[in-house]
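Presented below is the structure to which this report refers.
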Amino acid sequence: QVQLVESGGGLVQPGGSLRLSCAASGFAFSIYTMSWYRQAPGKERELVAAITRIGSTNYADSMKGRFTISRDNAETTIYLQMNSLKPEDTAVYYCNANYGTREYWGKGTLVTVSS
């Protein structure tokens, strides 16, 4: 059974940092492109960052230089290090696994950036 379980969300002050984790199981993790998406209240879900099976990364423009995506194939986990957080980063963050027509989603973890 495929599972993507996000963790690490919470309340943080502007300028602070958080590290999200996504533990994956039930599929061939190492060959999948893994991504983080987010959805803010009243907005569409958007790509935050992606990492391919060979470690190539891609970031949304507003996250470049602040967020870092990484993966640990041995632990079948991906991470999102988020620095210099802004109130507009407040959203539910979702983990995504994609390989061709196969795609899986986690249930999300809430990040709130507020003073």
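The values are calculated or read from the model by the stated rules, or taken from the named source; none is laboratory data. Bear in mind the structure is a predicted one, so any value in this text is a computation, not a measurement. Neighbour counts run over all protein chains shown; Cβ positions are idealised from the backbone, glycine included. When the accessible area is computed, the model is the full protein with side chains, heavy atoms only, and any ligands, DNA or RNA have been set aside. Shrake-Rupley method; radii C 1.70, N 1.55, O 1.52, S 1.80 Å.
Odds and ends about this structure:
- Boolean, residue 5 is in a strand (DSSP E or B), at pLDDT 95 or above and surrounded by fewer than 21 Cβ atoms within 10 Å (Cβ to Cβ): yes
- Among residues of segment 22-56 being among the hydroxyl-bearing types (Ser, Thr, Tyr) and surrounded by 14 or more Cβ atoms within 10 Å (Cβ to Cβ), the one that is nearest to residue 1 (Cα to Cα) is 32.
- For segment 41-63, a tally of residues being under 14 Å from the mean Cα position of the chain (by Cα) and part of a loop (DSSP other than H, G, I, E, B) returns 3.
- Among the residues examined, residue 114 qualifies as of a type in the set (S, T, N, Q), open to solvent by 40 Å² or more (accessible area, probe 1.4 Å) and over 10 Å from the mean Cα position of the chain (by Cα).
- Some residue of segment 26-33 being within 18 Å of residue 101 (Cβ to Cβ) and part of a strand (DSSP E or B): yes
- Residue match in segment 82-97 (condition: open to solvent by 40 Å² or more (accessible area, probe 1.4 Å), in a strand (DSSP E or B) and of a type in the set (S, T, N, Q)): no
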